[in-house]
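Contents: one structure, followed by commentary.
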Amino acid sequence: MTSSAPLALVIGAGPAGLMAAEILARAGARVLVAERMASPGRKLLIAGRGGLNLTHTDPEERFLSRYGAAAKALAPAVRAFPPEALTEWAEGLGQKLFVGSSGRVFPEEMKASPLLRAWLKRLGDLGVELRLRRRWTGWTPEGAWLFETPEGPEEIAAEAAVLALGGASWPHLGPDGAWTELLAAKGAAITPFSAANSGFHVAWPEDFAARFAGTPLKRVAIACGAARVMGEAMIDRRGIEGGAIYALGPAIRAELALRETAEIRLDLRPDLSLGALAERLAAPRGKRSLSTHLEKAGGLAPVARALARLAGPFEGEDPANNPKALAARIKDVPLTLGAAFPLERAISSAGGLRWSELTPDFETRRLPGVFFAGEMLDWEAPTGGYLLQACFATGAAAGRAAAKRLGLTPPEDLASPPNSLDSQDHAP
Ligand SMILES: Cc1cc2nc3c(=O)[nH]c(=O)nc-3n(C[C@H](O)[C@H](O)[C@H](O)COP(=O)(O)OP(=O)(O)OC[C@H]3O[C@@H](n4cnc5c(N)ncnc54)[C@H](O)[C@@H]3O)c2cc1C
């Protein structure tokens, strides 16, 4: 990188923006990263709080299917920077990774801070300049990028720019979605943001909520219309959340778009067929209460028993004497969901800049030389490492395309550490 190298501006210092910055710097561009917060990667850091799930070992087709309607648009970027490339890159930054039992990939330390620290050091060594407390607010009449800073307005003219401003959840960490107004004013089509990987309200009876809030519902199958997932859910005072609910989010939101409530159906013993469960429940009950019988013969935890009871009285004869009806109830408990929990606390957001705005190179058709990456694009995915994988992969794709636009050759791969600045031109 020399002082005469072309200037690339990256706005947003999350995983997508920083990945674009690394590619551009390795290609030889001068890179300036502008970030509105006082420190970079705040959402990445919070993602590491419950264990940083970097990516997943799903085979490619299953992996891509997690992106639902956006799978086709995301596929080239994810194939060009697949989970293996992401894990090699993280290992290159000194992170030891492991694959959890569900195929999810985590750093051994579980947190994001060691990875981010090593990454920022590498970016600094590559000459990337990080300018904090810079909030992008639009363009000057001449087309330079305009920022609000504590010292007053700042203008930056760049030959190429990558925007990686994030979605709209956890706005206090930086991604507040305010960019939508700036791009909408340019005529860009944007799908409004909604909460993804979020819980939904349920009007629980007070005593149920008081007793079971915070209780996991393990190994259940949950269906919404034709969509069905196996996994875990978590009872919340306001409703229900957790992996299985997040995975069903798109189906639940589609129902909620048509009416005020959505119905899901829970199978509390998905590992047993109806007949096998009925057979177990037909075992002599003796003097045991129905609840104890459901626990001993049906293997149901207290929360599952309470949920089955909440579904209302059984029709016909006493269910205790009708193992088939009892088994049918346990395997098909209806639950009515209301609105999603607020977007502000959702793990991610659905919606964003529509794919029709972009070329396959993540360059916007309206503003040549401007590339987009990360959660600000119109895609969503369940938890499991798919979110970060797509952010890193689109960041890499946008960075590569921006480098080419500047006439530079992007790096072949990111597995090995870059050449240090010692081998580069330090001309002032
Ligand atoms: C609690 C929680 C746990 C999560 N856990 C995981 C997980 O384990 N695995 C996983 O795959 N995903 C996880 N995620 C999701 C993941 O963190 C995000 O999908 C990812 O950080 C999005 O990356 P991004 O670079 O697109 O945007 P962000 O990380 O949101 O970065 C965007 C950046 O742009 C900056 N910015 C915004 N507007 C402006 C502006 N006008 N001017 C200048 N800068 C601006 C923001 O301050 C921010 O730093 C989790 C999220 C949360 C909230």
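The values are calculated or read from the model by the stated rules, or taken from the named source; none is laboratory data. This one's a predicted model, so the numbers in the text were calculated from it and none came from an experiment. Here the Cβ positions follow ideal geometry from the backbone for every residue, glycine too, while neighbour counts run over all protein chains shown.
Any residue at all in segment 198-218 that is crowded, with 20+ Cβ neighbours inside 10 Å, on the phi < 0 side of the Ramachandran plot and among the polar types (S, T, N, Q)?
Looking through segment 198-218, at least one residue is crowded, with 20+ Cβ neighbours inside 10 Å, on the phi < 0 side of the Ramachandran plot and among the polar types (S, T, N, Q).
I'm trying to understand the selection: among the residues of segment 361-399, which are of a type in the set (S, T, N, Q) and away from the ligand (no atom under 12 Å from the Cβ)?
364
Exactly one condition in (1) away from the ligand (no atom under 11 Å from the Cβ); (2) surrounded by 15 or more Cβ atoms within 10 Å (Cβ to Cβ) is false for residue 147; which is it?
Unmet condition: (1).
Only one of these is within 16 Å of the ligand (Cβ to nearest atom) and in contact with a strand residue (DSSP E or B) (Cβ under 6 Å, 6 or more places away or on another chain): 212, 193. Name it.
So the residue among 212, 193 that is within 16 Å of the ligand (Cβ to nearest atom) and in contact with a strand residue (DSSP E or B) (Cβ under 6 Å, 6 or more places away or on another chain) is 193.
What number of residues within segment 78-98 satisfy the criterion of being within 18 Å of residue 121 (Cα to Cα) and of a type in the set (S, T, N, Q)?
So the count comes out to 1.
Are there any pairs, at least 6 apart or on different chains, whose C-beta atoms fall under 6 Å, with the first in segment 169-184 and of a type outside the set (Gly, Ala, Ser) and the second within 8 Å of the ligand (Cβ to nearest atom) and not in a helix (DSSP H, G or I), and if so, which?
Final answer for the pair search is 175/166; 175/167; 179/165.
(1) crowded, with 17+ Cβ neighbours inside 10 Å; (2) within 25 Å of the chain's Cα centre (by Cα); (3) near the ligand (Cβ under 10 Å from one of its atoms): which one isn't true of residue 132, the others all being true?
That leaves (1) as the condition not met.
Exactly one of (1) in contact with a Lys or Arg (Cβ under 8 Å, 6 or more places away or on another chain); (2) aliphatic (A, V, I, L, M); (3) within 16 Å of the ligand (Cβ to nearest atom) is unmet by residue 5. Its number?
The failed condition is (3).
Tell me yes or no: at least one residue of segment 43-61 is surrounded by fewer than 24 Cβ atoms within 10 Å (Cβ to Cβ), assigned by TED's automatic domain parsing to the domain that holds residue 157 and touching an Asp or Glu at 6+ places or on another chain (Cβ under 7 Å).
Checked against the condition, which is being surrounded by fewer than 24 Cβ atoms within 10 Å (Cβ to Cβ), assigned by TED's automatic domain parsing to the domain that holds residue 157 and touching an Asp or Glu at 6+ places or on another chain (Cβ under 7 Å), segment 43-61 yields no hits at all.
Here is a check on your reading of the model: is residue 325 of a type in the set (A, V, I, L, M), within 16 Å of the ligand (Cβ to nearest atom) and either in the same structural domain as residue 50 (by TED's automatic domain parsing) or at pLDDT below 95 (or both)?
When the stated conditions are applied, residue 325 does not pass them.
So which of 74, 123, 115, 86 ends up being assigned to a helix (DSSP H, G or I), more than 26 Å from residue 361 (Cβ to Cβ), assigned by TED's automatic domain parsing to the domain that holds residue 171 and in contact with a helix residue (DSSP H, G or I) (Cβ under 7 Å, 6 or more places away or on another chain)?
None of the other options fit; the residue is 115.
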